[in-house]
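What follows is one structure encoded as structure tokens, with my remarks underneath.
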Amino acid sequence: MKTSWRSASLVATAAGVMVFATACGSNNATTPSSAAQNVGATAPAGIGSITNPSASASTGAGNGYGADGNQASSSPAAVAPAGKLTVASNPDLGNVLTDGSGLTLYRFDADTANPPKSNCNGDCATAWPPVPADDAAAGAGIDKALLGEVTRADGTKQLTVGGWPVYRYAKDVNAGDVNGQGVGGKWFALAPTGKKATLASLPGLSVRKDAKLGDIIVDKNGMTVYRFIKDKAWPKVVSNCTGACLVKWPAVAEVASSDTKGVVKKGLMGFTRPDNGQKQQTVNCWPIYTFSGDAKAGDTNGQGVGGTWYAVSPEGKLVGAPSN
């Protein structure tokens with residue numbers, strides 16, 4: 001493997017029913033929920049990794065590298081190959097890069113990306129096993145041009161993404177664990193671009209996998225998006241959530257089509273609300289909202305409320321709604 005460095009939104013108009021019909025269609029059936037992997041756990045507080053393997057491990061918990069003392073050794077243990085890299089959705093971090101087994105991948109602030117250089121060796125590399133470069137492949141949503149390799153101090157080839165050396169964390173046991181996030185203020189889960197994973201990098205609208213609901217749409221803050229059964233999409237977009245309803249179910253503001261990922265483009269447009277003049281976003285011509293009862297990214301407390309509010313699939317359909 002070789003090292004690599006490297007439209008505007010559709011707006012609803014008053015052009016008439018025929019033009020709107022072309023954009024919005026009438027296929028708005030509900031869709032059942034589907035199973036999906038639940039990825040994510042909030043990271044515990046921890047201590048930083050020390051790049052000098054001979055440094056004292058007496059300060060802080062464990063061996064000074066963010067792992068238990070009995071994991072320390074003078075050289076890193078054998079690690080599994082990277083396999084096909086994938087993108088997992090984490091409710092706290094957004095899109096996170098994982099290996100072929102679903103384990104979270106990390107980067108280290110003490111490393112450099114241009115040129116790529118790993119400064120985690122010895123005991124550090126035991127707590128944070130370097131990911132081998134030899135069989136790494138880019139899965140869906142990952143630019144293979146960002147994958148590269150760097151030669152470590154021991155002569156082995158380590159995977160890089162966007163120039164950053166890539167690691168696993170010894171305390172991550174199950175797919176989706178993110179126990180290494182923020183350890184010592186120097187270790188961070190990787191985004192598919194090689195940057196630090198953060199919800200701030202989410203598009204205006206994107207798709208995440210929920211353990212119970214399957215693929216659902218979230219906004220730029222990772223908050224679940226909902227539809228109201230009493231709204232209308234045909235022959236004209238109508239929101240029947242007004243007044244106090246809008247306080248509880250805030251309308252999602254218009255989003256540029258180019259600022260979406262994984263959401264079907266048909267009927268993806270904004271419309272002007274007649275009650276307050278706000279530009280509200282639609283998916284498949286249905287108005288969309290967030291829920292004031294969702295405290296954090298990944299919450300789905302609005303699902304099924306009153307038998308009228310449901311999460312939204314990438315196609316704009318109701319998720320988990322009972323059949324009519």
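Things worth noting here:
- Any hit, the stretch 90-108, residues being at pLDDT below 85, crowded, with 18+ Cβ neighbours inside 10 Å and among the charged types (D, E, K, R): yes
- For the stretch 97-129, a residue qualifies if it is over 20 Å from the mean Cα position of the chain (by Cα), under 16 Å from F188 (Cβ atoms) and not hydrophobic (A, V, I, L, M, F, W, C), and the qualifying residues are D109, D111, T112, S118, N119.
- The stretch 198-227, subset hydrophobic (A, V, I, L, M, F, W, C) and open to solvent by 10 Å² or more (accessible area, probe 1.4 Å), residue farthest from N90 (Cα to Cα): L213
- Residue list for the stretch 286-319, restricted to those being open to solvent by 30 Å² or more (accessible area, probe 1.4 Å) and among the acidic types (D, E): E315
- Residue list for the stretch 228-263, restricted to those being among the hydrophobic types (A, V, I, L, M, F, W, C), open to solvent by 60 Å² or more (accessible area, probe 1.4 Å) and either over 14 Å from N284 (Cβ atoms) or at pLDDT 95 or above (or both): I229, A244, V247
- Being out of contact with any strand residue (DSSP E or B) (no Cβ under 8 Å at 6 or more places or on another chain) and of a type outside the set (A, V, I, L, M) is true of G155.
The values are calculated or read from the model by the stated rules, or taken from the named source; none is laboratory data. This is a predicted model, so every value here is computed, not measured. Here Cβ is always computed from backbone atoms with ideal geometry, including for glycine, and neighbour counts include all displayed protein chains. We work out accessible area using only protein heavy atoms, side chains counted, and drop any ligands, DNA or RNA first. Shrake-Rupley method; radii C 1.70, N 1.55, O 1.52, S 1.80 Å.
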